[in-house]
Amino acid sequence: MRHRQLASLAAKAAVVCMAVGLAGVATAASPAQAGPTADSSHEKPRVIIQTDGEVDDQNSLTRALLYANDVDIQGIISSEHDHHPDSKTQWAKDIIADYGEVYPNLKVHDQDYPTASSLESVVAEDRTTEATNLVIDELLDDDPREVWYLVWGPFEESSLGDVMTELKGRTEAEQTKALSKLRVYSIFGQSLNELQQATWFPGKLKVIVSKDQFGAMGYGTANSGYDRIAIDPADGQWRSSAWQRNYEDHGALSDNHTGPGDGKPWIHEGDTPSFLHVIPNGLRSVEDPTFGGWGGRFEGPRLDDTHWTDAGVSENGYATKPVTRWFSASEQDYAARNDWANTASYADANHEPIVNLNGANDLSVEPGSTVNLSVSATDPDGDNLSYAWSHYDPASTFDGDVNLSSETGTSTSFTFPEQAEGETVHVIVAVTDNGTPSLTRYERIVITGDGDGGTTPPPPPPPTSLFEVKAMSDGPGSGWVVYTSGPNEGERQWIDEACRAELIDAGVTSTVVVSYQAEIGSLNSPTTWRTCDQLLELADDGGTTPPPPPPTPLFELRVKSANPGSAWIVYTFGPNEGERQWVSESCRNELADAGVTEKVITNYQTDIGSLDSVTNWLTCEQLMPQN
């Protein structure tokens with residue numbers, strides 16, 4: 001299971017006919033956050049899965065094996081769990097054995113499927129030397145491809161930590177080589193927090209922590225009252241029992257899939273988004289977490305430019321929308337893979353179209369110039385193809401309208417906005433066949449407005465900022481300043497006299513307190529300050545009444561029992577609604593002995609002291625009642 005380009009690429013004809021009209025010059029440019037290669041969207045990624053084998057993990061592994069032709073599964077590291085206390089790894093080997101039964105059929109549809117024995121050979125028990133060496137060997141080999149370490153299991157100590165410890169003892173050259181390839185995608189922040197990351201290799205370990213997207217594939221089907229995992233009703237048909245029946249009775253592997261209506265209506269595939277993120281479907285999601293794809297879209301980087309988190313509710317009001325917006329394609333794709341497992345006839349199943357972009361995926365153009373885009377595509381089954389072009393606004397740094405000349409057909413064009421110099425515009429073409437189920441593949445073009453003809457690299461993607469800003473007078477007769485509080489306490493920017501006069505005319509005479517994330521949007525950096533117009537907009541929204549400066553951060557923690565007899569958890573409230581941390585049984589017992597039987601509300605700043613981040617959780621000692 002080693003490096004190779006997808007077989008479909010060999011069939012691609014390189015026809016370059018991308019043109020930029022007017023004075024613009026089209027040149028290949030680096031993407032906003034460059035990946036390891038210029039064409040990594042079509043490269044076969046390496047994957048290591050860390051799992052505890054809960055029901056949703058088993059479902060996710062079942063799906064993952066059906067994509068073992070598109071990715072190199074180099075490790076399945078399993079820990080002990082209540083569902084299988086006698087064996088940490090046998091459950092995974094059982095699923096792989098079922099894969100072996102349908103393997104002959106899968107090979108008919110793609111010769112790149114690995115054997116069951118090769119997959120079983122990379123199953124390892126968590127927290128063992130075997131597991132640690134398995135990961136280290138991948139990171140230190142001569143294969144330049146990234147290694148995606150997908151964290152599915154909720155355990156405090158794990159093989160990922162063991163790998164970090166091992167690397168600490170290696171040479172600087174080995175550390176550099178390993179960390180340049182390692183990418184971590186942690187579902188729900190399991191086995192990982194920012195404190196651990198900072199302790200391991202600050203500024204070097206690249207991590208996606210997805211707190212919300214597990215709900216899109218798992219618990220979002222339940223009426224749980226947990227709003228951040230609710231899914232858009234428009235996407236609900238793809239999580240319904242009726243649709244899930246398309247996966248049943250498709251051979252031995254499909255029998256492992258437990259979905260709604262099977263006695264566990266609240267469990268499905270909570271860990272699957274991490275795997276969908278790395279599937280090379282043309283969306284280029286592995287190049288940059290802010291691009292977005294089947295496995296979600298993320299904001300950042302934070303924490304020394306190496307940490308990305310969910311894009312949140314910025315897409316259509318649903319935290320899970322970055323995943324569910326692609327359900328029509330990703331779920332039908334999975335149904336087709338089950339068909340592959342169930343038939344030895346190539347003609348009796350559908351196969352995805354092959355899309356060829358006529359030109360470069362990354363362009364740098366003169367603002368105001370015309371950008372012409374085109375693709376050609378073929379379908380291995382001879383199906384008719386449809387083309388859908390769109391401006392993918394959530395991933396673009398340019399916040400404005402992009403008017404495509406056509407949203408259908410093999411080509412489109414648009415005028416790159418004059419005001420978008422230094423900004424990026426993402427255009428996606430989705431090519432869909434009319435087979436059953438209908439299958440889609442993509443090309444994404446990232447266009448950067450550059451008056452220098454492509455010599456200036458695009459800016460880094462904006463991080464999510466969780467601090468607040470105040471606009472206030474620094475004293476009688478002086479200019480006004482913007483102060484930050486929270487993680488960047490004391491940073492400030494002078495506001496010029498003209499802006500101050502405008503604010504006074506608007507009735508802003510003392511202080512405006514706002515949240516970046518809620519009212520301004522994420523900033524490029526803590527020193528990328530708001531404009532005077534933005535401050536005036538805040539005044540129009542009711543910021544003219546000067547509230548007292550808040551003495552503490554705007555969130556709190558509670559400790560409470562999730563269910564009778566279960567372990568306790570820490571929930572956050574406020575801007576980070578729903579984030580949580582499991583509290584160990586021993587800590588729960590200590591709290592109960594101390595008389596904490598229901599909940600403790602703790603103020604960070606007063607009782608604990610400010611935290612480095614919202615995922616830097618309290619210790620058991622800190623949760624104990626303070627004298």
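The values are calculated or read from the model by the stated rules, or taken from the named source; none is laboratory data. Predicted model, so just to flag it, every value in this text is computed and none were measured. Glycine gets a Cβ as well: all are built from the backbone with ideal geometry, and neighbour counts include every protein chain shown. Heads up: the accessible areas ignore ligands, DNA and RNA and are worked out on the full protein's heavy atoms, side chains in. Shrake-Rupley method; radii C 1.70, N 1.55, O 1.52, S 1.80 Å.
Quick notes
- The set of residues in the stretch 151-208 that are charged (D, E, K, R), modelled with pLDDT of 75 or more and assigned to a loop (DSSP other than H, G, I, E, B) comprises 170, 204.
- Checking each residue in the stretch 391-435 for being of a type in the set (S, T, N, Q), within 30 Å of residue 350 (Cβ to Cβ) and open to solvent by 30 Å² or more (accessible area, probe 1.4 Å) picks out 406, 408, 410, 411, 432, 434.
Okay, residues lined up against (1) open to solvent by less than 10 Å² (accessible area, probe 1.4 Å); (2) β-branched (Val, Ile, Thr); (3) touching a residue at least 24 places away in the same chain (Cβ under 8 Å); (4) part of a helix (DSSP H, G or I):
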position	(1), (2), (3), (4)
50	yes, no, yes, no
63	yes, no, yes, yes
69	yes, no, yes, no
133	no, no, no, yes
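- Among residues of the stretch 319-338 that are among the aromatic types (Phe, Trp, Tyr), those with a beta-carbon under 8 Å from a residue that is crowded, with 22+ Cβ neighbours inside 10 Å and not in a helix (DSSP H, G or I) at least six positions away or on a different chain give the pairs 326/293; 326/294; 334/66.
- Yes/no for residue 277 being at pLDDT 85 or above, surrounded by fewer than 24 Cβ atoms within 10 Å (Cβ to Cβ) and closer than 23 Å to residue 66 by Cα: no
- Any chance residue 121 is among the small types (Gly, Ala, Ser) and touching a residue at least 40 places away in the same chain (Cβ under 8 Å): no
- The stretch 311-340, residues that are in a loop (DSSP other than H, G, I, E, B) and either open to solvent by less than 10 Å² (accessible area, probe 1.4 Å) or touching a His at 6+ places or on another chain (Cβ under 8 Å) (or both): 311, 315, 319, 320
- Considering each residue of the stretch 287-305 in turn, at least one proves to be touching a His at 6+ places or on another chain (Cβ under 7 Å) and modelled with pLDDT under 90.
- The criterion of being surrounded by fewer than 19 Cβ atoms within 10 Å (Cβ to Cβ) and closer than 17 Å to residue 402 by Cβ holds for residue 370.
- Conditions (1) open to solvent by less than 40 Å² (accessible area, probe 1.4 Å); (2) under 26 Å from residue 321 (Cβ atoms); (3) out of contact with any Phe, Trp or Tyr (no Cβ under 9 Å at 6 or more places or on another chain); (4) not β-branched (Val, Ile, Thr): number failed by residue 386: (1)
- For the stretch 341-352, the set of residues classified as part of a loop (DSSP other than H, G, I, E, B) and either surrounded by fewer than 14 Cβ atoms within 10 Å (Cβ to Cβ) or touching a Ser or Thr at 6+ places or on another chain (Cβ under 7 Å) (or both) consists of 345, 349, 350, listed by residue number.
- Pair list, Cβ < 6 Å and 6+ apart or interchain, from the stretch 137-150 residues that are touching a residue at least 24 places away in the same chain (Cβ under 8 Å) and farther than 19 Å from residue 170 by Cα to residues that are open to solvent by less than 30 Å² (accessible area, probe 1.4 Å) and in a loop (DSSP other than H, G, I, E, B): 148/45; 148/278
- Matching residues in the stretch 93-127 - criterion: being open to solvent by 40 Å² or more (accessible area, probe 1.4 Å), of a type outside the set (Asp, Glu) and over 26 Å from residue 158 (Cβ atoms): 103, 104, 107, 108, 111, 115, 117
- Some residue of the stretch 282-299 being surrounded by fewer than 24 Cβ atoms within 10 Å (Cβ to Cβ) and outside any loop (DSSP other than H, G, I, E, B): yes
- Some residue of the stretch 70-87 being under 17 Å from residue 254 (Cα atoms) and at pLDDT below 95: no
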